[in-house]
Every structure is written in structure tokens, then in C-alpha cells.
1. Could you list, in sequence order, all residues of segment 14-47 that are small (Gly, Ala, Ser) and touching a residue at least 40 places away in the same chain (Cβ under 8 Å)?
2. Within segment 48-58, how many residues are open to solvent by 40 Å² or more (accessible area, probe 1.4 Å) and touching a residue at least 40 places away in the same chain (Cβ under 8 Å)?
3. Looking at Val19, Val31, which is the one that is surrounded by 22 or more Cβ atoms within 10 Å (Cβ to Cβ), in contact with a Gly (Cβ under 6 Å, 6 or more places away or on another chain), at pLDDT 95 or above and of a type in the set (Val, Ile, Thr)?
4. What is the one condition in (1) touching a residue at least 40 places away in the same chain (Cβ under 8 Å); (2) assigned to a strand (DSSP E or B) that Leu61 does not satisfy?
5. Can you name the residue in segment 156-185 that is of a type in the set (Phe, Trp, Tyr) and either modelled with pLDDT of 95 or more or touching a Phe, Trp or Tyr at 6+ places or on another chain (Cβ under 6 Å) (or both) and, of all such residues, is farthest from Ser76 (Cα to Cα)?
6. Look through Ser140, Ser190 and report the one residue that is modelled with pLDDT of 95 or more and over 29 Å from Leu53 (Cα atoms).
7. Looking at (1) buried (at least 20 other Cβ atoms within 10 Å of the Cβ); (2) within 14 Å of the chain's Cα centre (by Cα), which is the only condition Cys116 fails?
Amino acid sequence: MLTHCDGSLDAPSRLICGVDEAGRGPLAGPVVAAAVILDAKRPIEGLADSKTLSAKKRAVLFELICERALAFSIASASVEEIDRLNILYATMLAMQRAVETLPITPSLAKIDGNRCPTLKMQAEAIVRGDALLPEISAASILAKVTRDRMLLELHALHPEYGFAAHAGYGTAQHLAALKQYGPCHHHRRSFAPVRKALMQGVARTHKA
């Protein structure tokens, strides 16, 4: 399924970047987006939706993408921005930042999902694009690996929440930790389970 945003399908000569995000659903941590322009002269085998790959395979592909891509950029929107804007607009902001900080300006951006961020070039939203187009697959891998590494760093700061195991998603383990310890600075206050923990009066203030 294609949703066109400000333009038609790309011509063969256009410079295309793929864009995807990681971390819309978790209760903690930033949302991360990546933009990738692949180099046709340096193909990368095995690109796929990051969610279908093992952590080991994602790590290998992450290095290959960084080495062989014509250009790439990784950006994020903070927990504070998520709470202020809402997760949808924060995701669009992270995607916009990723595209705008590419060292090479593409003529077309292909976005995973059903809507496009505001960009200075033509864009297409492609549902399940991370499984269909190698540029978006590459972006999904960069975003996923980067965010997972961020959550490992948060785990080192706050091991009581188990971020290393669930990457901030609302698992039973995470919800139990929220109930016991209350939210930390890195939790998204606008998300219902975090709000519930705050309302229960068990929140503690943690320093980053």
C-alpha cells in the first residue's frame, strides 16, 4: 500500500532515502529514527524488517550499513518531546531530523508507515515498507539497534526496571517494576501505565 505525500513515484535517476523508526510503543526512552541512502555499487545481503532479525544479525547488518551506505543519519525525539507533542508527532519529528541531517540531500524519501513527516523533498509513505524496500529495511535496522543500545545504557542506570530485557515495552516484568518503584526520569508520563503509577503515589525521582 502506497500513500503519496507531495509527489509521484520516483524516476530511476532520483536519489532515494529510506526512513523508519523504532520505539513508538515502549513506556520509556526516546523514539529513534534513521534515514539511509544505499549505494547500488555496494549491495548489502540480508536486509529485512528489523523485527524479523535476531539481535546478532541486526548487529552485523548495522555495521555493514554504516560501512557501505552512500549516506545515513540517526536521530531521536526525547521523552520530554514525546510527552509534550504526543508519540505520533514526536515520531514525525525524529524522522524529519534524520532526513534533514543526511550529509547528502535525497530527491525522494520513502517512509515506513501510512503518513509522512514534513520534509523539504518529495515523500511517499509505504505501509510495511520495512519488509518491502531495502532502503527502509536498512533504516529500520539502524533505528532498532541504536535504540536497543540506548536502553542498555538506561539499564545500567536503573537496573530495577529490567530495560535490558524488554527495551522499555510494557511487559509484565516492566509493569511490576513500575508498580514497585514508580516511574523514573526516562518514563513517558503521557503513557497510561506510567500515569497510573504516578497516580498511585509511588513515583520516585531519579536522576539521569
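1. Passing the criteria: Gly18, Ala22, Gly23, Gly25, Ala28, Gly29, Ala33, Ala34, Ala35.
2. Of the residues in segment 48-58, 3 are open to solvent by 40 Å² or more (accessible area, probe 1.4 Å) and touching a residue at least 40 places away in the same chain (Cβ under 8 Å).
3. Result: Val31 is the single residue among Val19, Val31 that is surrounded by 22 or more Cβ atoms within 10 Å (Cβ to Cβ), in contact with a Gly (Cβ under 6 Å, 6 or more places away or on another chain), at pLDDT 95 or above and of a type in the set (Val, Ile, Thr).
4. (2)
5. At the first step, the residues of segment 156-185 found to be of a type in the set (Phe, Trp, Tyr) are 161, 163, 169, 181.
Restricting the remaining residues to those that are either modelled with pLDDT of 95 or more or touching a Phe, Trp or Tyr at 6+ places or on another chain (Cβ under 6 Å) (or both) gives 161, 163, 169.
On the way: Tyr161: 22, Phe163: 18, Tyr169: 17 Å.
Looking at residues that are of a type in the set (Phe, Trp, Tyr) and either modelled with pLDDT of 95 or more or touching a Phe, Trp or Tyr at 6+ places or on another chain (Cβ under 6 Å) (or both), I get Tyr161.
6. Numbers: Ser140 fails: over 29 Å from Leu53 (Cα atoms).
One residue alone meets the criteria, Ser190.
7. Of the numbered conditions (1) buried (at least 20 other Cβ atoms within 10 Å of the Cβ); (2) within 14 Å of the chain's Cα centre (by Cα), the odd one out for Cys116 is (2).
Okay, residues lined up against (1) in contact with a strand residue (DSSP E or B) (Cβ under 6 Å, 6 or more places away or on another chain); (2) not polar (S, T, N, Q):
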site: Leu38; (1), (2): no, yes
site: Asp49; (1), (2): no, yes
site: Lys57; (1), (2): no, yes
site: Val60; (1), (2): no, yes
site: Ala69; (1), (2): yes, yes
site: Arg84; (1), (2): no, yes
site: Ile87; (1), (2): no, yes
site: Thr101; (1), (2): yes, no
site: Ile104; (1), (2): yes, yes
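The values are calculated or read from the model by the stated rules, or taken from the named source; none is laboratory data. In this text, all values refer to a predicted model and were calculated from it rather than measured experimentally. Glycine gets a Cβ as well: all are built from the backbone with ideal geometry, and neighbour counts include every protein chain shown. When the accessible area is computed, the model is the full protein with side chains, heavy atoms only, and any ligands, DNA or RNA have been set aside. Shrake-Rupley method; radii C 1.70, N 1.55, O 1.52, S 1.80 Å.
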